[in-house]
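Let me begin by presenting the structure, written as structure tokens, before commenting on it.
Bear in mind that the values in this text are calculations on the coordinates, not laboratory data. Because the structure is predicted, anything quoted here is derived from the model rather than measured. Cβ sites come from the backbone with ideal geometry, for glycine too, and all protein chains shown count toward neighbours.
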Amino acid sequence: ANLNNRGVVASLIKRIKKNNQINLKHSNDYRDFIHVEDLNRILLRSSNYKNNGIFDVGTGRAVSIKQLANLIIKTFNYKCKIISVKPFKSKNNFSKSQMSSTIKNFFWRPKIKLEQGLKR
């Protein structure tokens, strides 16, 4: 999966479904994946917010790309082997939302867990 582009989940599902084995260059990079329905909920709630600020939106949970790939395999019962290959240097290998300010200001938390979102 090319982590510089968006759509890591869709890209991994497509590759895993199509192949018996895939190489992951960024298997130890971590991302915070949020379901679009949760994103829509916070965007609607924030549209009525009267104050200014910068707020992280996510789940507050970092998942490695390898964990994501294995979860996809398990969820859809695919037969695919994951091979971790040495990546080129990545400047952003960890991304996790800091949710405390968002939760406090919007009384909002994501509802859809990654495992559930994959099935939707």
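Odds and ends about this structure:
- Farthest toward the positive end of the dipole of segment 13-120, out of Val36, Leu114, Asn23, is the Cα of Asn23, where the dipole comes from beta carbon charges about the Cα centre.
- Cross-link reach is defined here as a Cα-Cα straight distance under 20 Å, omitting same-chain residues fewer than 8 places apart; for Lys86 the aspartates and glutamates meeting it are Asp29.
- Net lengthening on full extension, Lys91/Ala10 (0.36 nm per residue, minus Cα-Cα): 26.9 nm
- This model, with +1 at the C-beta of Lys and Arg and -1 at the C-beta of Asp and Glu, gives the chain a dipole about its Cα centre of some 360 debye.
- 5 Å-binned pair-distance histogram of segment 33-120 (Cα, whole percent): 2, 12, 19, 19, 15, 14, 9, 6, 3, 1
- Stretched out straight at 0.36 nm per residue, the stretch from Phe107 to Lys66 would grow longer than its current Cα-Cα span by 11.6 nm.
- Difference of contour (0.36 nm per residue) and Cα-Cα distance, Lys17 to Lys81: 21.9 nm
- Distance violations [Cα-Cα > 27 Å] among Lys14/Lys104; Lys14/Lys113; Lys74/Lys111; Lys25/Lys113: Lys14/Lys104
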